[in-house]
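What follows is a short report on a single structure.
The values are calculated or read from the model by the stated rules, or taken from the named source; none is laboratory data. What you see is a predicted model; the values in this text were computed from it and never measured. Glycine gets a Cβ as well: all are built from the backbone with ideal geometry, and neighbour counts include every protein chain shown. Protein only, heavy atoms only, side chains kept; ligands, DNA and RNA dropped before computing areas. Shrake-Rupley method; radii C 1.70, N 1.55, O 1.52, S 1.80 Å.
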Amino acid sequence: MPVESRESALEPELDGAIETRTPGVVAGGALLAVAVVLTALNLRPAITGVGPMLAEMRAGLGASVLWAGVLTTLPTLCFAGAGLAAPLLARRAGIGAAIAVALTAIAAGLVLRVLDGPYVVLGGTLVATAGIALINVLIPVVIKGSFPARIGLMTGVYTAALQGGGALGSAVTPQLGDAFGGWRPALGSWAVVAVVALAAWILAARGTGRAPRHADAAEGGRSLLRNRLAWIVTAFFGLQAFYAYAAMGWFPQVLMDAGVSRDHAGLLFGLVSLIAVPISLVVAPMAARQRGQGAWIVTFGVFGLAGTAGLMLAPAWSPLLWSVLIGLGMSVFSLALTVIALRAKTGGDTARLSGMAQGFGYLFAALGPFLFGLLHDLAGGWTAPLAMLLGLLVVQMGFGALAGRHRFV
(Lines give C-alpha, C1' and ligand atoms only; values in the text may rest on other atoms or scores of the structure.)
Protein backbone atom coordinates (compact mmCIF):
# COMPACT_ATOMS: atom_id res chain seq x y z
CA MET A 1 0.00 0.00 0.00
CA PRO A 2 1.43 3.47 -0.82
CA VAL A 3 2.85 5.45 2.06
CA GLU A 4 0.40 8.31 1.43
CA SER A 5 -2.60 6.02 1.90
CA ARG A 6 -1.16 4.61 5.13
CA GLU A 7 -0.54 8.10 6.48
CA SER A 8 -4.00 9.33 5.56
CA ALA A 9 -5.51 6.68 7.82
CA LEU A 10 -4.32 8.71 10.78
CA GLU A 11 -3.99 12.26 9.48
CA PRO A 12 -6.96 13.21 7.29
CA GLU A 13 -6.26 16.20 5.09
CA LEU A 14 -7.60 19.51 6.28
CA ASP A 15 -8.17 20.65 2.73
CA GLY A 16 -9.51 18.93 -0.33
CA ALA A 17 -11.85 16.00 -0.72
CA ILE A 18 -11.48 12.91 1.43
CA GLU A 19 -9.88 10.18 -0.60
CA THR A 20 -11.28 6.66 -0.86
CA ARG A 21 -9.40 4.31 1.46
CA THR A 22 -7.90 1.08 0.28
CA PRO A 23 -8.64 -2.26 2.02
CA GLY A 24 -5.21 -2.22 3.67
CA VAL A 25 -6.30 0.64 5.91
CA VAL A 26 -8.71 -1.59 7.87
CA ALA A 27 -6.11 -2.87 10.38
CA GLY A 28 -4.73 0.61 10.96
CA GLY A 29 -8.30 1.85 11.33
CA ALA A 30 -8.97 -0.66 14.10
CA LEU A 31 -5.90 0.47 16.03
CA LEU A 32 -6.84 4.08 15.45
CA ALA A 33 -10.37 3.39 16.67
CA VAL A 34 -8.98 2.02 19.95
CA ALA A 35 -6.81 5.13 20.33
CA VAL A 36 -9.83 7.36 19.66
CA VAL A 37 -11.87 5.56 22.34
CA LEU A 38 -9.10 5.76 24.95
CA THR A 39 -8.58 9.42 24.11
CA ALA A 40 -12.30 10.14 24.47
CA LEU A 41 -12.31 8.66 27.97
CA ASN A 42 -10.10 11.57 29.09
CA LEU A 43 -12.30 14.41 27.87
CA ARG A 44 -14.74 14.70 30.80
CA PRO A 45 -13.39 13.33 34.14
CA ALA A 46 -11.28 16.47 34.63
CA ILE A 47 -14.57 18.41 34.62
CA THR A 48 -17.26 16.08 35.95
CA GLY A 49 -15.07 14.91 38.84
CA VAL A 50 -15.01 18.43 40.28
CA GLY A 51 -18.76 18.83 40.87
CA PRO A 52 -19.19 16.23 43.65
CA MET A 53 -15.93 17.35 45.30
CA LEU A 54 -16.45 21.12 44.98
CA ALA A 55 -17.65 21.71 48.54
CA GLU A 56 -14.74 19.68 49.93
CA MET A 57 -12.29 21.56 47.70
CA ARG A 58 -13.60 24.94 48.84
CA ALA A 59 -13.39 23.91 52.49
CA GLY A 60 -9.87 22.53 52.17
CA LEU A 61 -8.56 25.50 50.21
CA GLY A 62 -10.53 28.22 52.02
CA ALA A 63 -11.83 29.30 48.61
CA SER A 64 -14.76 31.60 47.89
CA VAL A 65 -17.92 31.12 45.84
CA LEU A 66 -16.32 33.39 43.21
CA TRP A 67 -13.36 31.00 42.97
CA ALA A 68 -15.77 28.08 42.51
CA GLY A 69 -17.51 30.00 39.73
CA VAL A 70 -14.17 30.64 37.99
CA LEU A 71 -13.19 26.98 38.36
CA THR A 72 -16.42 25.73 36.79
CA THR A 73 -16.30 28.38 34.04
CA LEU A 74 -12.62 27.94 33.13
CA PRO A 75 -13.05 24.71 31.08
CA THR A 76 -15.44 26.29 28.60
CA LEU A 77 -13.22 29.37 28.20
CA CYS A 78 -10.30 27.06 27.43
CA PHE A 79 -12.46 25.13 25.00
CA ALA A 80 -13.23 28.36 23.18
CA GLY A 81 -9.67 29.67 22.92
CA ALA A 82 -7.89 26.40 22.20
CA GLY A 83 -10.74 25.28 19.97
CA LEU A 84 -10.26 28.25 17.65
CA ALA A 85 -6.50 27.56 17.54
CA ALA A 86 -6.77 23.81 16.90
CA PRO A 87 -7.09 23.86 13.07
CA LEU A 88 -3.97 26.04 12.74
CA LEU A 89 -1.97 23.78 15.07
CA ALA A 90 -3.10 20.69 13.17
CA ARG A 91 -2.04 22.19 9.82
CA ARG A 92 1.41 23.02 11.13
CA ALA A 93 2.22 20.03 13.33
CA GLY A 94 -0.04 17.28 12.01
CA ILE A 95 -3.10 15.84 13.67
CA GLY A 96 -1.29 12.89 15.28
CA ALA A 97 1.32 15.14 16.91
CA ALA A 98 -1.28 17.71 17.98
CA ILE A 99 -3.41 15.11 19.76
CA ALA A 100 -0.33 13.58 21.45
CA VAL A 101 0.65 17.02 22.76
CA ALA A 102 -2.91 17.57 23.96
CA LEU A 103 -2.95 14.29 25.90
CA THR A 104 0.36 15.23 27.51
CA ALA A 105 -1.17 18.54 28.57
CA ILE A 106 -4.16 16.75 30.11
CA ALA A 107 -1.95 14.44 32.18
CA ALA A 108 0.34 17.28 33.29
CA GLY A 109 -2.55 19.57 34.18
CA LEU A 110 -4.35 16.93 36.22
CA VAL A 111 -1.22 16.37 38.31
CA LEU A 112 -0.38 20.07 38.62
CA ARG A 113 -3.76 21.14 39.93
CA VAL A 114 -3.63 18.95 43.02
CA LEU A 115 -0.16 20.04 44.18
CA ASP A 116 -0.89 23.36 45.91
CA GLY A 117 -3.40 26.11 46.65
CA PRO A 118 -6.41 27.60 44.85
CA TYR A 119 -4.44 29.42 42.15
CA VAL A 120 -2.46 26.29 41.30
CA VAL A 121 -5.75 24.41 41.01
CA LEU A 122 -6.93 27.01 38.49
CA GLY A 123 -3.60 26.85 36.61
CA GLY A 124 -3.63 23.07 36.38
CA THR A 125 -7.24 23.12 35.25
CA LEU A 126 -6.30 25.64 32.55
CA VAL A 127 -3.55 23.34 31.21
CA ALA A 128 -5.68 20.18 31.32
CA THR A 129 -8.75 21.72 29.71
CA ALA A 130 -6.66 23.37 26.98
CA GLY A 131 -5.54 19.87 26.00
CA ILE A 132 -9.13 18.66 26.09
CA ALA A 133 -10.18 21.57 23.88
CA LEU A 134 -7.67 20.68 21.17
CA ILE A 135 -8.89 17.09 21.08
CA ASN A 136 -12.54 18.19 21.01
CA VAL A 137 -11.95 19.93 17.69
CA LEU A 138 -9.53 17.46 16.08
CA ILE A 139 -11.26 14.11 16.69
CA PRO A 140 -14.21 14.94 14.36
CA VAL A 141 -11.62 15.64 11.65
CA VAL A 142 -9.96 12.27 12.32
CA ILE A 143 -13.35 10.54 12.06
CA LYS A 144 -14.30 12.39 8.87
CA GLY A 145 -11.02 11.53 7.17
CA SER A 146 -10.24 8.06 8.51
CA PHE A 147 -13.75 6.59 8.69
CA PRO A 148 -15.63 8.36 5.84
CA ALA A 149 -18.10 5.50 5.36
CA ARG A 150 -18.78 5.14 9.10
CA ILE A 151 -19.07 8.73 10.32
CA GLY A 152 -22.22 8.07 12.33
CA LEU A 153 -20.91 4.86 13.88
CA MET A 154 -17.52 6.26 14.86
CA THR A 155 -19.05 9.51 16.11
CA GLY A 156 -21.37 7.41 18.25
CA VAL A 157 -18.52 5.27 19.57
CA TYR A 158 -16.40 8.34 20.30
CA THR A 159 -19.28 10.16 22.00
CA ALA A 160 -20.23 7.06 24.01
CA ALA A 161 -16.65 6.78 25.29
CA LEU A 162 -16.58 10.49 26.06
CA GLN A 163 -19.85 10.33 27.99
CA GLY A 164 -18.74 7.12 29.70
CA GLY A 165 -15.63 8.94 30.90
CA GLY A 166 -17.86 11.74 32.18
CA ALA A 167 -20.00 9.25 34.08
CA LEU A 168 -16.93 7.66 35.65
CA GLY A 169 -15.58 11.06 36.64
CA SER A 170 -18.76 11.98 38.48
CA ALA A 171 -19.50 8.60 40.04
CA VAL A 172 -16.01 7.29 40.84
CA THR A 173 -14.17 10.42 41.98
CA PRO A 174 -15.96 10.59 45.37
CA GLN A 175 -15.16 6.91 45.92
CA LEU A 176 -11.52 7.59 45.08
CA GLY A 177 -11.56 10.43 47.58
CA ASP A 178 -12.77 8.08 50.30
CA ALA A 179 -10.25 5.40 49.34
CA PHE A 180 -7.18 7.65 48.97
CA GLY A 181 -7.91 10.25 51.61
CA GLY A 182 -9.22 13.40 49.97
CA TRP A 183 -9.99 15.33 46.82
CA ARG A 184 -6.34 15.78 45.76
CA PRO A 185 -5.49 12.10 45.09
CA ALA A 186 -9.03 11.53 43.82
CA LEU A 187 -8.74 14.17 41.08
CA GLY A 188 -5.04 13.58 40.37
CA SER A 189 -5.47 9.85 39.78
CA TRP A 190 -7.22 10.52 36.46
CA ALA A 191 -3.83 11.44 34.98
CA VAL A 192 -3.13 7.70 34.73
CA VAL A 193 -5.93 7.34 32.16
CA ALA A 194 -4.40 10.15 30.09
CA VAL A 195 -0.99 8.45 30.09
CA VAL A 196 -2.55 5.17 28.88
CA ALA A 197 -4.35 7.03 26.07
CA LEU A 198 -1.13 8.80 25.10
CA ALA A 199 0.68 5.47 24.78
CA ALA A 200 -2.12 4.12 22.57
CA TRP A 201 -2.11 7.23 20.41
CA ILE A 202 1.66 7.13 19.93
CA LEU A 203 1.37 3.50 18.88
CA ALA A 204 -1.40 4.33 16.40
CA ALA A 205 0.56 7.31 15.07
CA ARG A 206 3.90 5.52 14.72
CA GLY A 207 5.54 6.36 11.42
CA THR A 208 2.95 8.95 10.42
CA GLY A 209 4.45 12.17 11.68
CA ARG A 210 3.83 14.45 8.71
CA ALA A 211 1.63 17.53 8.85
CA PRO A 212 -1.46 17.54 6.63
CA ARG A 213 -0.75 19.01 3.22
CA HIS A 214 -2.76 21.69 1.47
CA ALA A 215 -4.56 20.51 -1.64
CA ASP A 216 -5.55 24.01 -2.66
CA ALA A 217 -4.33 27.32 -1.33
CA ALA A 218 -7.63 28.99 -1.97
CA GLU A 219 -9.48 26.26 -0.15
CA GLY A 220 -7.05 26.57 2.73
CA GLY A 221 -7.94 30.28 3.07
CA ARG A 222 -11.72 29.80 3.06
CA SER A 223 -13.59 31.30 6.00
CA LEU A 224 -16.99 30.20 7.29
CA LEU A 225 -17.61 33.37 9.29
CA ARG A 226 -20.06 34.65 6.66
CA ASN A 227 -21.75 31.30 6.16
CA ARG A 228 -25.30 31.30 7.59
CA LEU A 229 -25.45 27.54 8.10
CA ALA A 230 -22.11 27.56 9.93
CA TRP A 231 -23.50 30.08 12.40
CA ILE A 232 -26.67 28.01 12.86
CA VAL A 233 -24.56 24.94 13.68
CA THR A 234 -22.43 27.07 16.00
CA ALA A 235 -25.51 28.40 17.81
CA PHE A 236 -26.92 24.89 18.25
CA PHE A 237 -23.60 23.58 19.55
CA GLY A 238 -23.16 26.53 21.90
CA LEU A 239 -26.68 26.24 23.35
CA GLN A 240 -26.37 22.54 24.14
CA ALA A 241 -22.91 23.13 25.61
CA PHE A 242 -24.23 26.02 27.75
CA TYR A 243 -26.78 23.67 29.28
CA ALA A 244 -24.33 20.78 29.67
CA TYR A 245 -21.63 22.74 31.48
CA ALA A 246 -24.07 24.51 33.76
CA ALA A 247 -25.40 21.04 34.63
CA MET A 248 -21.96 19.51 35.14
CA GLY A 249 -20.90 22.38 37.35
CA TRP A 250 -23.98 22.74 39.54
CA PHE A 251 -26.51 19.90 39.28
CA PRO A 252 -24.81 17.74 41.95
CA GLN A 253 -25.14 20.70 44.33
CA VAL A 254 -28.80 21.17 43.35
CA LEU A 255 -29.43 17.53 44.23
CA MET A 256 -27.53 17.79 47.52
CA ASP A 257 -29.55 20.85 48.52
CA ALA A 258 -32.68 18.78 47.86
CA GLY A 259 -31.51 16.28 50.48
CA VAL A 260 -29.49 13.85 48.36
CA SER A 261 -26.18 12.73 49.89
CA ARG A 262 -22.88 13.67 48.26
CA ASP A 263 -22.11 10.14 47.07
CA HIS A 264 -25.67 9.58 45.84
CA ALA A 265 -25.61 12.90 43.98
CA GLY A 266 -22.36 11.88 42.32
CA LEU A 267 -23.87 8.56 41.27
CA LEU A 268 -27.02 10.23 39.94
CA PHE A 269 -25.06 12.69 37.87
CA GLY A 270 -22.84 9.85 36.72
CA LEU A 271 -26.06 8.25 35.48
CA VAL A 272 -26.81 11.43 33.51
CA SER A 273 -23.60 10.91 31.55
CA LEU A 274 -23.94 7.13 31.40
CA ILE A 275 -27.35 7.28 29.73
CA ALA A 276 -25.73 9.01 26.78
CA VAL A 277 -23.48 6.00 26.12
CA PRO A 278 -26.09 3.61 24.59
CA ILE A 279 -27.94 6.57 23.06
CA SER A 280 -24.77 7.67 21.28
CA LEU A 281 -24.02 4.15 20.03
CA VAL A 282 -27.52 3.66 18.64
CA VAL A 283 -28.98 7.05 17.72
CA ALA A 284 -25.96 8.79 16.15
CA PRO A 285 -25.47 6.09 13.46
CA MET A 286 -29.24 5.97 12.80
CA ALA A 287 -29.51 9.73 12.54
CA ALA A 288 -26.44 9.97 10.29
CA ARG A 289 -28.04 7.62 7.77
CA GLN A 290 -31.11 9.83 7.47
CA ARG A 291 -31.41 12.90 5.31
CA GLY A 292 -32.05 15.17 8.29
CA GLN A 293 -31.42 15.02 12.02
CA GLY A 294 -33.80 17.76 13.20
CA ALA A 295 -36.53 15.44 14.54
CA TRP A 296 -34.03 13.59 16.71
CA ILE A 297 -32.64 16.85 18.09
CA VAL A 298 -36.10 18.18 19.00
CA THR A 299 -37.05 14.88 20.67
CA PHE A 300 -34.02 14.99 22.95
CA GLY A 301 -34.86 18.59 23.74
CA VAL A 302 -38.32 17.55 24.98
CA PHE A 303 -36.73 15.04 27.38
CA GLY A 304 -34.40 17.74 28.67
CA LEU A 305 -37.32 20.11 29.23
CA ALA A 306 -39.21 17.49 31.26
CA GLY A 307 -36.23 16.62 33.45
CA THR A 308 -35.24 20.23 34.11
CA ALA A 309 -38.83 21.21 34.93
CA GLY A 310 -39.07 18.30 37.37
CA LEU A 311 -35.80 19.27 39.05
CA MET A 312 -37.08 22.85 39.39
CA LEU A 313 -40.60 22.11 40.65
CA ALA A 314 -40.13 18.96 42.75
CA PRO A 315 -36.45 18.09 43.09
CA ALA A 316 -36.90 15.69 46.00
CA TRP A 317 -39.90 13.85 44.50
CA SER A 318 -37.89 11.66 42.11
CA PRO A 319 -34.22 12.62 41.65
CA LEU A 320 -33.67 9.40 39.70
CA LEU A 321 -36.40 10.21 37.15
CA TRP A 322 -35.17 13.77 36.68
CA SER A 323 -31.62 12.49 36.20
CA VAL A 324 -32.73 9.99 33.55
CA LEU A 325 -34.69 12.64 31.63
CA ILE A 326 -31.84 15.16 31.85
CA GLY A 327 -29.42 12.46 30.69
CA LEU A 328 -31.61 11.81 27.65
CA GLY A 329 -31.73 15.53 26.93
CA MET A 330 -27.96 15.92 27.18
CA SER A 331 -27.51 13.01 24.78
CA VAL A 332 -28.09 15.54 22.01
CA PHE A 333 -24.35 16.17 22.23
CA SER A 334 -23.70 13.14 20.02
CA LEU A 335 -25.96 14.66 17.38
CA ALA A 336 -24.19 18.01 17.68
CA LEU A 337 -20.91 16.30 16.74
CA THR A 338 -22.63 14.28 14.00
CA VAL A 339 -24.10 17.45 12.51
CA ILE A 340 -20.65 19.06 12.35
CA ALA A 341 -19.34 16.16 10.26
CA LEU A 342 -22.44 15.88 8.07
CA ARG A 343 -22.80 19.58 7.23
CA ALA A 344 -19.30 19.67 5.66
CA LYS A 345 -18.21 17.99 2.41
CA THR A 346 -14.44 17.96 2.91
CA GLY A 347 -11.92 17.41 5.66
CA GLY A 348 -10.92 21.08 5.43
CA ASP A 349 -14.48 22.28 5.90
CA THR A 350 -14.96 19.81 8.75
CA ALA A 351 -11.93 21.25 10.56
CA ARG A 352 -13.10 24.80 10.01
CA LEU A 353 -16.69 24.09 11.03
CA SER A 354 -15.55 22.09 14.05
CA GLY A 355 -13.20 24.86 15.14
CA MET A 356 -15.83 27.56 14.61
CA ALA A 357 -18.71 25.68 16.26
CA GLN A 358 -16.66 24.56 19.24
CA GLY A 359 -14.61 27.75 19.55
CA PHE A 360 -17.47 30.25 19.49
CA GLY A 361 -19.93 27.72 20.92
CA TYR A 362 -17.85 27.07 24.02
CA LEU A 363 -17.16 30.79 24.39
CA PHE A 364 -20.91 31.26 24.78
CA ALA A 365 -21.19 28.13 26.93
CA ALA A 366 -18.64 29.58 29.36
CA LEU A 367 -21.43 31.82 30.59
CA GLY A 368 -23.47 28.78 31.65
CA PRO A 369 -21.89 27.83 35.00
CA PHE A 370 -21.24 31.47 35.86
CA LEU A 371 -24.79 32.70 35.16
CA PHE A 372 -26.30 29.66 36.84
CA GLY A 373 -24.36 30.34 40.04
CA LEU A 374 -24.97 34.09 39.83
CA LEU A 375 -28.73 33.66 39.49
CA HIS A 376 -28.68 31.27 42.44
CA ASP A 377 -26.93 33.85 44.61
CA LEU A 378 -29.21 36.70 43.50
CA ALA A 379 -32.47 34.76 43.84
CA GLY A 380 -31.49 32.71 46.88
CA GLY A 381 -32.49 29.40 45.32
CA TRP A 382 -32.36 27.17 42.28
CA THR A 383 -35.70 28.10 40.63
CA ALA A 384 -34.39 31.09 38.67
CA PRO A 385 -31.30 29.40 37.17
CA LEU A 386 -33.30 26.29 36.26
CA ALA A 387 -35.96 28.48 34.62
CA MET A 388 -33.18 30.08 32.57
CA LEU A 389 -32.15 26.62 31.34
CA LEU A 390 -35.75 25.81 30.37
CA GLY A 391 -35.90 28.86 28.13
CA LEU A 392 -32.50 28.03 26.66
CA LEU A 393 -33.64 24.49 25.79
CA VAL A 394 -36.54 25.87 23.74
CA VAL A 395 -34.14 28.05 21.71
CA GLN A 396 -31.74 25.12 21.36
CA MET A 397 -34.49 22.98 19.82
CA GLY A 398 -35.18 25.66 17.21
CA PHE A 399 -31.56 26.04 16.13
CA GLY A 400 -31.09 22.26 16.28
CA ALA A 401 -33.98 21.67 13.91
CA LEU A 402 -32.38 24.09 11.42
CA ALA A 403 -28.88 22.63 11.87
CA GLY A 404 -30.22 19.14 11.23
CA ARG A 405 -31.49 19.95 7.72
CA HIS A 406 -29.62 18.32 4.80
CA ARG A 407 -27.40 21.16 3.61
CA PHE A 408 -23.69 21.93 3.43
CA VAL A 409 -21.57 24.91 4.47
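So the values come out like this:
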read-out	value
Residue that is most open to solvent (accessible area, probe 1.4 Å), among those in the range 337-380 that are farther than 19 Å from ILE135 by Cβ and touching a Ser or Thr at 6+ places or on another chain (Cβ under 6 Å)	PHE370
Selection count where residues are under 19 Å from ALA241 (Cα atoms) and outside any helix (DSSP H, G or I), scope the range 316-342	1
One residue from GLY156, GLY124, GLY131, GLY152 being modelled with pLDDT under 80 and buried (at least 22 other Cβ atoms within 10 Å of the Cβ)	GLY152
Filter result for the condition that a residue is at pLDDT 90 or above and under 19 Å from SER170 (Cβ atoms), over LEU335, LEU389	LEU389
Count - residues of the range 296-332 that are among the small types (Gly, Ala, Ser) and under 22 Å from the mean Cα position of the chain (by Cα)	7
Matching residues, the range 146-205, being more than 24 Å from ILE95 (Cβ to Cβ), out of contact with any Leu (no Cβ under 8 Å at 6 or more places or on another chain) and assigned to a loop (DSSP other than H, G, I, E, B)	GLY181, GLY182
Scope the range 70-104; condition farther than 14 Å from ALA130 by Cα, open to solvent by less than 10 Å² (accessible area, probe 1.4 Å), assigned to a helix (DSSP H, G or I) and of a type in the set (Gly, Ala, Ser); matching residues	ALA90, GLY96
Pairs, first outside any helix (DSSP H, G or I) in the range 347-374, second open to solvent by 10 Å² or more (accessible area, probe 1.4 Å), C-beta under 6 Å, six or more apart	ALA366/THR73; ALA366/LEU77
Where PHE408 falls short, out of the listed (1) open to solvent by 50 Å² or more (accessible area, probe 1.4 Å); (2) hydrophobic (A, V, I, L, M, F, W, C); (3) at pLDDT below 95; (4) under 25 Å from ALA309 (Cα atoms)	(4)
Members of the range 274-322 found to be among the small types (Gly, Ala, Ser), buried (at least 20 other Cβ atoms within 10 Å of the Cβ), in contact (Cβ under 8 Å) with a residue 60 or more places away in the chain and within 29 Å of VAL172 (Cα to Cα), listed by number	ALA276, SER280, ALA284, GLY301, GLY304
Criterion (modelled with pLDDT of 80 or more, open to solvent by 20 Å² or more (accessible area, probe 1.4 Å), over 30 Å from TYR245 (Cβ atoms) and of a type outside the set (Gly, Ala, Ser)) met by exactly one of LEU31, LEU41, LEU61, LEU66	LEU31
Candidate set from the range 182-231 (those that are modelled with pLDDT of 85 or more, open to solvent by less than 70 Å² (accessible area, probe 1.4 Å) and not aliphatic (A, V, I, L, M)); member that is nearest to VAL111 (Cα to Cα)	GLY188
Residue within the range 14-24 that is in a helix (DSSP H, G or I) and at pLDDT below 85 present	no
So GLY259, is it small (Gly, Ala, Ser), out of contact with any Cys (no Cβ under 8 Å at 6 or more places or on another chain), surrounded by fewer than 17 Cβ atoms within 10 Å (Cβ to Cβ) and under 21 Å from MET53 (Cα atoms)	yes
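Okay, residues lined up against (1) touching a helix residue (DSSP H, G or I) at 6+ places or on another chain (Cβ under 8 Å); (2) within 23 Å of ALA161 (Cβ to Cβ); (3) among the aromatic types (Phe, Trp, Tyr):
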residue	(1), (2), (3)
ASN227	no, no, no
TRP231	no, no, yes
LEU255	yes, no, no
ASP263	yes, no, no
GLY266	yes, yes, no
VAL282	yes, yes, no
TRP296	yes, yes, yes
